[in-house]
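Colleague: One structure is given below, represented as structure tokens, and several questions about it will come after.
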Amino acid sequence: MNWLENRTDDDKVKQNEVLAIGNLPKHVAIIMDGNGRWAQQRTMPRLSGHKQGVETVRDIVKASSQLGVKYLTLYAFSMENWKRPQKEVSGLMKLLEFYLKNEVEELHANNVRIRSIGKLNALPKPVHKILQKAIDHTEKNDGLTLTLALSYSSRWDIVRATQMISLDVRRGKLSPEDITEETFTDYLLTKDMPDPDLLIRTSGEMRISNFLLWELAYSEIYVTKKCWPDFERNDLYEAISCFAKRERRFGLTSAQLIDQSNSSSYLQRVVNAITNR
Ligand code: FPP
């Protein structure tokens, strides 16, 4: 199914309204929270919340791609999530396997590139295998890059990067004076993508929960009370519209931004330097 051709007239209007504001975020990252509460409120097992959450994932990926967002990063399973009851963990792994098996062709047909960050060899073998297959299959696509954070911990990634840097220093490939923010970024799993412009978190929690700690330094944060299974494409449009109207200062003052809007190349250089573009 071609996602661009399959939009309702109403949806086209809404998407055009979002695009008309301009300033579309290049990278949207989402902490998909509240699946358990959504299910509990309905006296359903927690896994039903995760199942409904997959439906939200499907539509939000589609809507992001239709809008022209270049990077969407979803926090699907944290390293800490392994400590959840075994039944919930294995249910989530099955859902992930099911999603990848069933969606990969449609994602591929719509030019989506699948990637993943996290300690992937901790995943059950069948999940790891199908994930790798999806990554390889969609590798050359240049539309939306969909990154699934799986068995992910940002502190773990930062420590891992530090270990790699130390090894390179020991081998004489790098000298300590050469370690800059840019070099450090190059050792993170997120090295090939720009920093998120917008972080969305559902279910009202005001935390970043060990997600992209380094990369979110200058991201705008949008929190909605809605639980992830209730989050709809209209909520995504609302979050993006809200982002687009904000003033991102990157440590400068409003007055400096106004002064420099005449010399936009300067501001663009500041933004590029900070957001790793
Ligand atoms: C947080 O809700 C959500 C998760 C830990 C898992 C997210 C997974 C999915 C949405 C489905 C699988 C993903 C993909 C990409 C197919 P919670 O369980 O912590 O909710 P609670 O805080 O209300 O208990």
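Colleague: Which residue, of Thr145, Thr185, is among the β-branched types (Val, Ile, Thr), surrounded by 17 or more Cβ atoms within 10 Å (Cβ to Cβ) and touching a residue at least 60 places away in the same chain (Cβ under 8 Å)?
Modeller: Selected residue: Thr145, the only one of Thr145, Thr185 that is among the β-branched types (Val, Ile, Thr), surrounded by 17 or more Cβ atoms within 10 Å (Cβ to Cβ) and touching a residue at least 60 places away in the same chain (Cβ under 8 Å).
Colleague: Got a number for residues in segment 179-202 being touching a helix residue (DSSP H, G or I) at 6+ places or on another chain (Cβ under 9 Å) and more than 30 Å from Ile240 (Cβ to Cβ)?
Modeller: So the count comes out to 3.
Colleague: Give me the pairs: first residue in segment 81-109 and away from the ligand (no atom under 11 Å from the Cβ), second residue open to solvent by 90 Å² or more (accessible area, probe 1.4 Å), beta-carbon distance under 7 Å, and six or more apart or on different chains, which are they?
Modeller: Once the first residue is away from the ligand (no atom under 11 Å from the Cβ) and sits in segment 81-109, its partners that are open to solvent by 90 Å² or more (accessible area, probe 1.4 Å) give Glu106/Met1.
Colleague: Can you find a residue that is within 19 Å of the chain's Cα centre (by Cα), outside any helix (DSSP H, G or I) and aliphatic (A, V, I, L, M) anywhere in segment 31-47?
Modeller: Yes, segment 31-47 contains a residue that is within 19 Å of the chain's Cα centre (by Cα), outside any helix (DSSP H, G or I) and aliphatic (A, V, I, L, M).
Colleague: What number of residues within segment 149-181 satisfy the criterion of being among the hydroxyl-bearing types (Ser, Thr, Tyr), within 27 Å of Leu131 (Cβ to Cβ) and open to solvent by 60 Å² or more (accessible area, probe 1.4 Å)?
Modeller: Total satisfying the criteria: 1.
Colleague: Taking the stated definitions as given, is Gly53 open to solvent by less than 50 Å² (accessible area, probe 1.4 Å), within 8 Å of the ligand (Cβ to nearest atom), under 17 Å from the mean Cα position of the chain (by Cα) and more than 28 Å from Glu247 (Cβ to Cβ)?
Modeller: yes
Colleague: I've got another one for you. Take Ile208 and decide whether it is closer than 23 Å to Ala149 by Cα and in a strand (DSSP E or B).
Modeller: no
Colleague: Related question: Would you check which residues across segment 188-204 are open to solvent by less than 50 Å² (accessible area, probe 1.4 Å) and either out of contact with any strand residue (DSSP E or B) (no Cβ under 8 Å at 6 or more places or on another chain) or part of a loop (DSSP other than H, G, I, E, B) (or both) and list them?
Modeller: If the condition is that a residue be open to solvent by less than 50 Å² (accessible area, probe 1.4 Å) and either out of contact with any strand residue (DSSP E or B) (no Cβ under 8 Å at 6 or more places or on another chain) or part of a loop (DSSP other than H, G, I, E, B) (or both), then Leu188, Leu189, Thr190, Met193, Pro194, Asp195, Pro196, Asp197, Thr202, Ser203, Gly204 are the ones that fit.
Colleague: If I ask for residues that are part of a loop (DSSP other than H, G, I, E, B), of a type outside the set (S, T, N, Q) and under 20 Å from the mean Cα position of the chain (by Cα), which ones from segment 4-30 would you list?
Modeller: Of everything in segment 4-30, those that are part of a loop (DSSP other than H, G, I, E, B), of a type outside the set (S, T, N, Q) and under 20 Å from the mean Cα position of the chain (by Cα) turn out to be Leu24, Pro25, Lys26.
The rows are residues; the columns are (1) near the ligand (Cβ under 9 Å from one of its atoms); (2) open to solvent by 10 Å² or more (accessible area, probe 1.4 Å); (3) farther than 23 Å from Ser153 by Cα; (4) not small (Gly, Ala, Ser).
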| site | (1), (2), (3), (4) |
| --- | --- |
| Met44 | no, yes, yes, yes |
| Ser48 | no, yes, yes, no |
| Gln66 | no, yes, yes, yes |
| Tyr71 | no, yes, no, yes |
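Colleague: Return the residues of segment 1-24 that are among the polar types (S, T, N, Q) and either open to solvent by less than 80 Å² (accessible area, probe 1.4 Å) or without any contact (Cβ under 8 Å) to a residue 24 or more places away in the chain (or both); say none if nothing qualifies.
Modeller: The answer is Asn2, Asn6, Thr8, Gln15, Asn16.
Colleague: When segment 23-42 is examined, which residues are found to be more than 12 Å from the ligand (Cβ to nearest atom) and either touching a helix residue (DSSP H, G or I) at 6+ places or on another chain (Cβ under 6 Å) or closer than 14 Å to Tyr237 by Cβ (or both)?
Modeller: Answer for segment 23-42, where residues must be more than 12 Å from the ligand (Cβ to nearest atom) and either touching a helix residue (DSSP H, G or I) at 6+ places or on another chain (Cβ under 6 Å) or closer than 14 Å to Tyr237 by Cβ (or both): Asn23, Leu24, Pro25, Val28.
The values are calculated or read from the model by the stated rules, or taken from the named source; none is laboratory data. It should be emphasised that the depicted structure is a prediction, and the values quoted were computed from it without experimental measurement. Note that we place each Cβ from the backbone using ideal geometry, even for glycine, and neighbour counts take in every protein chain shown. Ligands, DNA and RNA are excluded from the accessible area calculation, which covers all protein heavy atoms including side chains. Shrake-Rupley method; radii C 1.70, N 1.55, O 1.52, S 1.80 Å.
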